[in-house]
Amino acid sequence: MNDLFRHGKSFWSRKKTGSLWKFLIPAAIPLLLLGAAGVWFLSGPRTEDQRFRSFTRQLFCQEVGANTLNLHYTLADPAAYGIDSTRISLGTMEQSAWEASSMQAENCLSALEGFSREELSPQNRLTYDVLRDYLRTRLEGTAFYLYDEPLSPTLGIQAQLPVLLAEYPFRTKGDIETYLQLLTAIPEYFQSIIDFEKEKAQAGLFMSDASVSNILRQCDAFLSSKDDNYLRQLFDQQIDSFSNLTIDEKISYKQQNQDILNAYVMPAYENLMKELANLLGSGKNTGGLYYLPQGKEYYAWLVKSTTGDDSGIEAIEERIRQEIVQVSGEVQTLLSSDHGLTSISLDEYESQEPAEIISSLQQMITRDFPEAPQVSCQIKYVHDSLQDYLSPAFYLTPAIDDTDRNVIYINPASDYNALELYTTLAHEGYPGHLYQTVLFEENSDEPLRSILNYGGYTEGWATYVEMYAYSTWTENATLAAIYQKDRSLMLGLASFLDIGIHYRGYTRNQVAEFLAKFGIGREASDALYTNIVEAPANYLKYYVGYLNFLDLGKYLEEQLQDQFSLKEYHARVLAIGPCSFTVLKHYLTDPDYLRWAA
């Protein structure tokens, strides 16, 4: 076991891959800023299906229109949906907005339940069930406003906002104007986050000094290139390549951008740093959520909402434990069958170029996955100033009405070997995030489904197919199998300890003692403990989602027996799309839905 776990140190220091999913902003108001939903559908279309589709379309338009950044990433052409995109906003973290959101979510749920579910088509019935589940889960978390954390070194808005701004697509001249106005909204948005953090401090819920220090270092890294920031560089590149602009207009836009960066963006980050530094010492809890008032209750809700698994903490914990035991045994069997294999360095294998890997994966998955739409994919690399604080890789989702624009970022700081790069691009590209996203958008005509964030489904799927990808790496099949078990085991241990730290109250020393039994040293243990404290339930989103996909595959095989195929299972999962695993399990075998889907 010790031979295998010598690979663990690099794992603990690596943050998880993922997608920059829709509705990152505003961080604490993630659901449905709605209007008077109860009266939307009382007039107009006569059939229940028509009334329902009118309701979901209006709901979608009001939600995406509330936030400029979300709107621009969700729709390439808002006007085609009747959305006026002139209002510029990044949202707010104010408690009044959270309370209004909760009240409006109640109104929406009441309106939704006013429909006759049985009169809806199978497709609309699925949307009904997904939305009802989403709203109910959201409302269960109403009391936990101050437990949210929009700031963290890797997953915090201050780290991810620059990437979203850097990738902001200029489709029209108006987009350039909107972008520049959006930059001027950052100080106000950051101030709402600062006020929120002060509220947390007063309530005894503020983050630890260690977390503050890590965020300050991340902000300082972003500001270190203040005079030649990459937001200026990338803006200039977009302007230079933009057609139908005169030379004078290009010069003017570039100067406006530089002036706004200097007058708004950089001061916003400086002010955030100053105010966070003033709050040092306010965070008394250096451990998990277990040690906060209502911390266990919040964590239980967070796990449910994050993973989409409503089986409860104890059941999830036991499922993880079972998988750890099983995979541990499989590892021992593999190692005993070839004692010298783990001494082989993966550095001996030469990595392909990312584009070549993407192309290879597209061909490799045709046996077990539905045919994928043909779209473009651009590989980019994380800027130097953000490499220490962003994930090893991530996928930027395209607009739902322009799915050809896909971007995968690779973080050079991760220093991938051949196998890691291959499986990472499977996670982010094919058959992972890019494939799942584009396939769903191409086959769904319900835009509301695209903005409901089910992290357990999306990250669980990407982890599930990442594990699958190990079996398609042809350089050394046995070595790939060992590393796949290693990956699963590490994720399992991290997820098990996530529950231990936040729900059981495990201390830093207890985590170190636990991991020492697996041959993992103190430095790696401390790194994992810090990651888990700063991002509760983040590991579970990946691993619990992954386990659910394993279990649902077995469930469908039991139902279909000789008629089961992996390709059919994947086709059903992908057609149903992001939702909770309770809803997903129901629709995998729902006869009405399957007849409609066929």
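The values are calculated or read from the model by the stated rules, or taken from the named source; none is laboratory data. Quick caveat, the model's predicted, so the values are computed rather than measured. Backbone-built Cβ (ideal geometry, glycine too); neighbour counts: all protein chains shown. Ligands, DNA and RNA are stripped out before the accessible areas are found, and what is left, the full protein with its side chains, is counted by its heavy atoms. Shrake-Rupley method; radii C 1.70, N 1.55, O 1.52, S 1.80 Å.
Would you please name the residue that is surrounded by the most Cβ atoms within 10 Å (Cβ to Cβ), looking only at residues in the range 568-595 that are assigned to a helix (DSSP H, G or I), over 25 Å from the mean Cα position of the chain (by Cα) and not aliphatic (A, V, I, L, M)?
Initially, the range 568-595 is screened for residues assigned to a helix (DSSP H, G or I), giving 568-576, 581-588, 591-595.
Pick out the ones that are also over 25 Å from the mean Cα position of the chain (by Cα) and you get 568, 591-595.
The next check asks that each one be not aliphatic (A, V, I, L, M); those that pass are 568, 591-593, 595.
On the way: 568: 15, 591: 8, 592: 12, 593: 20, 595: 9.
Residue satisfying both the conditions and the ranking: 593.
Here residue 71 passes the criteria (1) open to solvent by 30 Å² or more (accessible area, probe 1.4 Å); (2) in a helix (DSSP H, G or I); (3) under 23 Å from residue 167 (Cβ atoms) except the one numbered (1).
Please verify whether the range 244-254 includes one or more residues that are in contact with a helix residue (DSSP H, G or I) (Cβ under 6 Å, 6 or more places away or on another chain) and under 30 Å from residue 215 (Cα atoms).
The first filter runs over the range 244-254 and keeps only residues in contact with a helix residue (DSSP H, G or I) (Cβ under 6 Å, 6 or more places away or on another chain), leaving 250, 253-254.
Within this subset, residues satisfying the condition of being under 30 Å from residue 215 (Cα atoms) are 254.
Yes, some residue in the range 244-254 is in contact with a helix residue (DSSP H, G or I) (Cβ under 6 Å, 6 or more places away or on another chain) and under 30 Å from residue 215 (Cα atoms).
For the range 349-376, filtered to residues that are at pLDDT 90 or above, of a type in the set (A, V, I, L, M, F, W, C) and not in a helix (DSSP H, G or I), the residue that is nearest to residue 479 (Cα to Cα) is 365.
Taken residue by residue, the range 308-327 has at least one member that is open to solvent by less than 80 Å² (accessible area, probe 1.4 Å), more than 30 Å from residue 137 (Cα to Cα) and modelled with pLDDT of 95 or more. Among the residues of the range 283-322, those that are over 15 Å from residue 538 (Cβ atoms) and among the acidic types (Asp, Glu) comprise 297, 310, 314, 317, 318.
Can you confirm whether the range 249-262 contains a residue that is of a type in the set (A, V, I, L, M), at pLDDT 95 or above and open to solvent by less than 20 Å² (accessible area, probe 1.4 Å)? Please lay out each step first, then the result.
Taking the range 249-262 first, the residues of a type in the set (A, V, I, L, M) are 251, 260-261.
Now drop any that are not at pLDDT 95 or above, which leaves 251, 260-261.
Checking the rest, the ones that are also open to solvent by less than 20 Å² (accessible area, probe 1.4 Å) come to 261.
Within the range 249-262, one or more residues are of a type in the set (A, V, I, L, M), at pLDDT 95 or above and open to solvent by less than 20 Å² (accessible area, probe 1.4 Å).
When residue 87 is tested against (1) closer than 24 Å to residue 181 by Cβ; (2) open to solvent by less than 10 Å² (accessible area, probe 1.4 Å), just one condition goes unmet, and that condition is (2). Apart from one condition, residue 161 fits all of (1) in contact with a helix residue (DSSP H, G or I) (Cβ under 6 Å, 6 or more places away or on another chain); (2) aliphatic (A, V, I, L, M); (3) within 21 Å of residue 259 (Cβ to Cβ); the exception is (1).
Evaluate the range 229-250: report whether one residue or more is within 29 Å of residue 502 (Cβ to Cβ) and over 26 Å from the mean Cα position of the chain (by Cα). For the range 229-250, residues within 29 Å of residue 502 (Cβ to Cβ) and over 26 Å from the mean Cα position of the chain (by Cα): absent. Residues in the range 422-449 that are surrounded by fewer than 21 Cβ atoms within 10 Å (Cβ to Cβ) and hydrophobic (A, V, I, L, M, F, W, C): 440 alone. The helices (runs of 4 or more DSSP H) found wholly in the range 377-474 and carrying at least 3 residues that are at pLDDT 95 or above and in contact with a Gly (Cβ under 7 Å, 6 or more places away or on another chain) occupy 455-470. Of note, residue 476 satisfies the criterion of being surrounded by fewer than 23 Cβ atoms within 10 Å (Cβ to Cβ), polar (S, T, N, Q), within 17 Å of residue 331 (Cβ to Cβ) and in contact (Cβ under 8 Å) with a residue 24 or more places away in the chain.
Hand me the list of helices (runs of 4 or more DSSP H) wholly inside the range 100-199 holding 2 or more residues that are open to solvent by 10 Å² or more (accessible area, probe 1.4 Å) and free of Cβ contacts under 8 Å to residues at least 24 places away in the same chain. Spell out how you get there, then give the answer.
On the way: elements: 122-140, 157-166, 173-184.
Of the helices (runs of 4 or more DSSP H) lying wholly inside the range 100-199, those with at least 2 residues that are open to solvent by 10 Å² or more (accessible area, probe 1.4 Å) and free of Cβ contacts under 8 Å to residues at least 24 places away in the same chain span 173-184.
Candidates are the residues of the range 515-552 that are among the small types (Gly, Ala, Ser) and closer than 14 Å to residue 496 by Cβ; the one that is surrounded by the most Cβ atoms within 10 Å (Cβ to Cβ) is 537. Taking residues in the range 421-442 that are farther than 14 Å from residue 573 by Cβ, and partners anywhere that are acidic (Asp, Glu) and part of a loop (DSSP other than H, G, I, E, B), the pairs with Cβ atoms closer than 9 Å and at least 6 places apart or on different chains are 422/475; 438/404; 441/401.
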